[in-house]
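Trainee: Have a look at this one before I ask anything.
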Amino acid sequence: MSAEPTRTTESTAFRSGLEAIRGVEPRIADAIGAEIEDQRASLKLIASENYASPAVLLAMGNWLSDKYAEGTVGRRFYAGCRNVDTVEAVAAEHARELFGARHAYVQPHSGIDANLVAFWAVLAQRVESPALERAGVRQVNELTEEDWAALRRDLGDQRMLGMSLDAGGHLTHGFRPNISGKMFHQRSYGTDPESGLIDYAALRASAREFRPLIIIAGYSAYPRLVNFRLMREIADEVDATLMVDMAHFAGLVAGKVLTGDFDPVPHAQIVTTTTHKSLRGPRGGMVLCDDSLADQVDRGCPMVLGGPLPHVMAAKAVALAEARQPEFRAYAQRVVDNARALADGLTRRGARLVTGGTDNHLALIDVSGYGLTGRQAEEALLEAGIVTNRNAIPRDPNGAWYTSGIRVGTPALTTRGLGTAEMDEVAELIDTVLSRTSVGTTRSGKPSKATYALEDGVAKQVAERSADLLAKHPLYPGIDLS
Ligand SMILES: *Cc1c(COP(=O)(O)O)cnc(C)c1O
């Protein structure tokens, strides 16, 4: 296949689209055009971001967006859903085949929404259904006022065991600022202070004492593998449902880098994910589950979700079809190889990494080794054109706002085509910036946690080297808007 025809077609498609937008609101056309330039110019190490293919992007920009399609395939509350049915069925079929899941629900608008669908599916299965049975009725509408009040109290009185935030867990795993923390009594499990790895023995002891309804596994800042077989064993011992939120590493599961004990799908009763992180699809979410939860999961809309986004489900179908190609397996393996090369490169230059390295797509640099807070490091790196984010590390002395960590991930740069040798150069650039950044002072002359000073000329020098690196791997080479 020659590259030229695709390139012309892609450019034409995006150019015509932008022209139409420009005719209505030029500022938006400008912002869209400027965004591709920003993305092209930055060394993106944000572990949760990626670059979706032009086919995925185009699947979202069309009239599928005009349809209401509450309900599920073949059982809609609206007429005229023939094509949306096709879209949703194809997306779900790809998801089931790709992940080897019994059931897939592709409507959630985001990872948070997928988690809400999962929480309520488990609550419906384990708290609401038994209450209906006890009362001898089929629907909540048939309950007496007293029984309904008792059920509502029960639903709000359940326990969840999730990974602590500073060990890399996510806000939606039962923390108070998120609705999950208001719904559930929550207790956290964490990592061993010595190894930095999940402490399964402590987790088991905590589960036995706390007796949670749900044990939730999954993370957004843990650089190692999770043993889901062991997690399921612990969940079974205490009669908890194992839920895995694979938002960050779904691409590594899809690409068969995480298999056996490290593949959550055969072990958990319910698995949630985003579709836009390592999976490289459109911004969205998804739920996979076994047969026992399928009906409850399918009630996600209108239970907690607004009407489905048919255009995004179309893009999910395209991305999942892409992920079933052999090229995606090679991509997933390169993501992990690149993360290891980046981690090794950093370690060799003296950086301290949480757990000493990585087994997945991300690494966590403890920047206190450079005398900096995460906030200072993040801003100094950004000044030099390196996009990362600050992140708490286990038992972080600087708290969740300033932090002591910088999270780096390789899904995006790997999509761009960078390889392991180039990751070593990226490590060199990061180390250069961090070792030549000093702590700023507050107005009263005290050391500040927020301000920093980067030595003269470093930002420019690093930006030039990173531009050279990126020029070798053009982003969206088929799209020319000029
Ligand atoms: C990113 C993430 C989410 C939230 O995804 P959104 O699409 O932003 O709602 C949920 N859980 C985990 C573990 C994540 O990493």
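Taken together, the values in this text are just the output of simple stated rules run on the coordinates, not laboratory data. Everything numeric here is computed off the predicted structure, so don't read it as measured data. Glycine also receives a Cβ, built like all others from the backbone with ideal geometry; neighbour counts cover every protein chain displayed.
Trainee: Report the Rg/Rh value for the chain, based on alpha-carbon coordinates and the Kirkwood definition of Rh. Kindly include the intermediate steps, with their values, before the conclusion.
Mentor: Numbers: Rg = 23.6 Å, Rh = 23.9 Å.
Here Rg/Rh amounts to 0.99.
Trainee: So what are the ³J(HN,Hα) numbers for the range 386-394, from phi and the Karplus equation (6.51, -1.76, 1.60; θ = phi - 60°), rounded to whole Hz, Gly and Pro as x?
Mentor: 9, 9, 9, 9, 6, 7, 5, 10, x
Trainee: Further question: Can you work out the Karplus-derived ³J(HN,Hα) for every residue in the range 364-373? Use 6.51 cos²θ - 1.76 cosθ + 1.60 with θ = phi - 60°, whole Hz, and x for glycine or proline.
Mentor: Ordered by residue, 3J(HN,Hα) equals 10, 8, 7, 7, 5, x, 9, x, 10, 8 Hz.
Trainee: To continue, here is another question. Based on a Kirkwood Rh over C-alpha pairs, give the Stokes-Einstein translational diffusion coefficient of the range 179-325 at 25 °C and viscosity 0.890 mPa s in µm²/s.
Mentor: Values: Rh = 16.5 Å.
Answer from the Stokes-Einstein relation: 148 µm²/s.
Trainee: Remind me, relative contact order of the range 205-301 in percent, using alpha carbon pairs under 8 angstrom and six or more residues apart?
Mentor: Averaging sequence separation for qualifying contacts and normalising by length gives 24 percent for the range 205-301.
Trainee: Which three numbers, in whole Å and largest first, are the semi-axes of the equivalent ellipsoid of the range 370-470 derived from its Cα gyration tensor as √(5λ)?
Mentor: Listed largest to smallest, the semi-axes of the range 370-470 are 25, 17, 9 Å.
Trainee: Points 7 angstrom from Cα along the Cβ direction at Thr9 and Glu133: gap in nanometres?
Mentor: The answer from the label model is 5.3 nm.
Trainee: I would also like to ask the following. Per DSSP H run of n ≥ 4, the term is -39500 (n - 2.57); total these for the chain, divide by its residue number, and report the mean residue ellipticity at 222 nm rounded to 500 deg cm²/dmol.
Mentor: Value at 222 nm, helices only: -14000 deg cm²/dmol.
Trainee: What nm value, rounded to one decimal, do you get for the distance between Ala31 and Glu237 when each label is placed 7 Å out toward the C-beta?
Mentor: According to this spin-label approximation, the distance is 5.2 nm.
Trainee: Can you figure out the FRET efficiency of Ile179 with Ala41, using R₀ = 30 Å and their beta-carbon distance, to the nearest 0.05?
Mentor: So the FRET efficiency works out to roughly 0.20.
Trainee: Additional query: What's the tally of Lys pairs in the chain whose alpha-carbon atoms lie under 27 angstrom apart, where the two lysines are 8 or more places apart or on different chains?
Mentor: 15
Trainee: Shifting gears a bit: Counting pairs of alpha carbon atoms under 8 Å apart in space and at least six apart in sequence, what relative contact order in percent does the range 64-323 give?
Mentor: Computed over the range 64-323, the figure is 29 percent.
Trainee: With N denoting the number of residues in the range 64-323, provide Rg(C-alpha) divided by 2.2 N^0.38 Å, to two decimal places.
Mentor: Compared with the compact-globule rule of thumb, the range 64-323 sits at 1.00.
Trainee: Moving on to the next point. With contacts defined as alpha carbon pairs under 8 Å and 6 or more residues apart, what's the relative contact order of the chain in percent? Working shown, then result.
Mentor: On the way: 956 pairs, mean separation 101.1, N = 482.
Computed value for the chain: 21 percent relative contact order.
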